[in-house]
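The values are calculated or read from the model by the stated rules, or taken from the named source; none is laboratory data. Not measured: the values here are computed from a predicted model. We place every Cβ from the backbone using ideal geometry, glycine too, and count neighbours over all the protein chains shown. What goes into the accessible areas is simple: the full protein's heavy atoms, side chains included, and nothing from ligands, DNA or RNA. Shrake-Rupley method; radii C 1.70, N 1.55, O 1.52, S 1.80 Å.
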Amino acid sequence: MPPKAAARIRTLPALLAALALATGAFAQTAPRAQVMVLGTPHWDNPGQDYSNTQVDDVLAERRQTEIAALAAALSEFRPTRIAVEVPVARDSAINARYQAYRRGEIALGRNEVDQIGFRLAHMLGHPRVYAVDHRQDLDVAGVLGWAARNGQADAAQRIGAMIQQLVAEKSAAVANASLGEVLRRENSPAADSLESLYLHFVPIGSDTSFIGAQMVADWYARNLKIFANVTRVARPGERVLVIMGTGHGPLLRRYVDEHPDYDLVHATPYLERFRPSPSR
């Protein structure tokens with residue numbers, strides 16, 4: 001072995017050991033960021049996904065009472081920054097809208113960015129919110145269509161039926177529960193386990209075609225990029241509330257939990273402090 005190569009091999013373990021010591025020393029002096037990931041259905045029914053949970057009008061008096069109670073419960077986490085599902089490229093635009101709301105120039109819209117993000121940020125006196133989304137479309141219909149045309153029709157039918165049943169159950173749950181109860185369910189370990197459903201797409205393909213696996217890889221890639229955006233907001237000592245669509249919750253919570261620089265704060269204990277309106 002050439003002397004230089006041998007020297008590199010000998011110094012690599014020492015370098016890794018030094019890095020570990022340095023990381024440990026930094027962790028002892030820098031307060032870790034606390035990150036809570038709150039998954040929620042899209043309250044304004046934008047219809048952008050392959051199949052979408054239906055939510056009734058959150059501007060109705062009953063829902064507004066529930067949202068006020070929900071914001072009060074989440075405020076006990078004392079977030080110092082609130083991140084929302086808006087593309088990073090629209091950070092200036094969403095903050096211009098937030099400032100207009102703070103000045104009383106506009107009312108809150110139906111989506112969860114306004115109803116939870118803006119409402120809670122304003123309650124806590126935050127000067128801004130943080131856009132952390134990275135858009136990356138998944139062609140679920142295209143993958144299922146490919147399967148149907150290429151000898152995997154049974155798989156396409158099974159997956160399609162599974163998705164429709166899940167969405168129907170979620171829509172029924174929303175219609176028959178308070179928003180606090182809905183979010184407790186959507187942020188539970190049982191809900192996180194549904195992430196594995198994406199793996200049903202992986203076998204779709206043949207030979208050198210990995211159309212199903214590629215779609216799942218794209219989903220993981222999108223969430224990793226969202227997590228990268230979250231890390232740019234979650235500075236040492238910050239308490240960050242990340243408000244995202246339900247489907248993003250399981251992966252983002254896992255990434256936060258497994259990263260050495262962050263402490264994952266589960267939403268459930270705070271959501272349990274939500275009390276439905278006495279009028280219900």
Going through region 87-107 in order, the residues found to be among the polar types (S, T, N, Q) and either open to solvent by 50 Å² or more (accessible area, probe 1.4 Å) or modelled with pLDDT under 95 (or both) are Ser92, Gln99
Note: among Val202, Val216, Val174, Val230, just one is of a type in the set (A, V, I, L, M, F, W, C) and at pLDDT below 90, namely Val174
Taking region 109-133 and keeping only residues that are part of a loop (DSSP other than H, G, I, E, B) and under 17 Å from Thr40 (Cα atoms), one is left with Gly109, Arg110, Asn111
Within region 169-186, the count of residues that are free of Cβ contacts under 8 Å to residues at least 12 places away in the same chain, open to solvent by less than 60 Å² (accessible area, probe 1.4 Å) and either part of a helix (DSSP H, G or I) or under 28 Å from Phe201 (Cβ atoms) (or both) comes to 1
Pairing a residue in region 59-70 that is more than 10 Å from Arg119 (Cβ to Cβ) with any residue that is open to solvent by less than 40 Å² (accessible area, probe 1.4 Å) and assigned to a helix (DSSP H, G or I), where Cβ atoms lie under 8 Å and the two sit 6 or more apart in sequence or on different chains, gives Arg63/Leu179; Glu66/Leu179; Glu66/Gly180; Ala69/Gly180
Output for Cβ contacts, cut-off 8 Å, separation at least six or different chains, first residue at negative phi and assigned to a helix (DSSP H, G or I) in region 241-255, second of a type in the set (Val, Ile, Thr) and at pLDDT 95 or above, reads His248/Val37; His248/Ile226; Gly249/Val37; Leu252/Val37; Leu252/Ile226; Leu252/Val230; Leu252/Val242; Arg253/Val37
Over region 220-238, the set of residues in a helix (DSSP H, G or I) and open to solvent by 40 Å² or more (accessible area, probe 1.4 Å) is Tyr220, Leu224, Lys225, Arg232
All-but-one check, Ala148 against (1) without any contact (Cβ under 8 Å) to a residue 24 or more places away in the chain; (2) loosely packed, with under 13 Cβ neighbours inside 10 Å; (3) among the small types (Gly, Ala, Ser), failing number (2)
Of the residues in region 194-211, those that are over 22 Å from the mean Cα position of the chain (by Cα) and part of a helix (DSSP H, G or I) number 1
Of the residues in region 256-270 that are in contact (Cβ under 8 Å) with a residue 12 or more places away in the chain and not hydrophobic (A, V, I, L, M, F, W, C), the one that is farthest from Leu138 (Cα to Cα) is Tyr270
Taking region 134-154 and keeping residues at pLDDT 95 or above, within 25 Å of Pro87 (Cβ to Cβ) and in contact with a helix residue (DSSP H, G or I) (Cβ under 6 Å, 6 or more places away or on another chain) leaves His134, Val143
Restricting region 108-139 to residues that are among the polar types (S, T, N, Q) and crowded, with 17+ Cβ neighbours inside 10 Å, the one nearest to Tyr270 (Cα to Cα) turns out to be Gln115
**Asked** Does region 48-63 contain any residue that is within 17 Å of the chain's Cα centre (by Cα) and at pLDDT 95 or above?
**Response** no
Screening Ala217, Ala191 for residues that are assigned to a helix (DSSP H, G or I) and surrounded by fewer than 16 Cβ atoms within 10 Å (Cβ to Cβ) leaves only Ala217
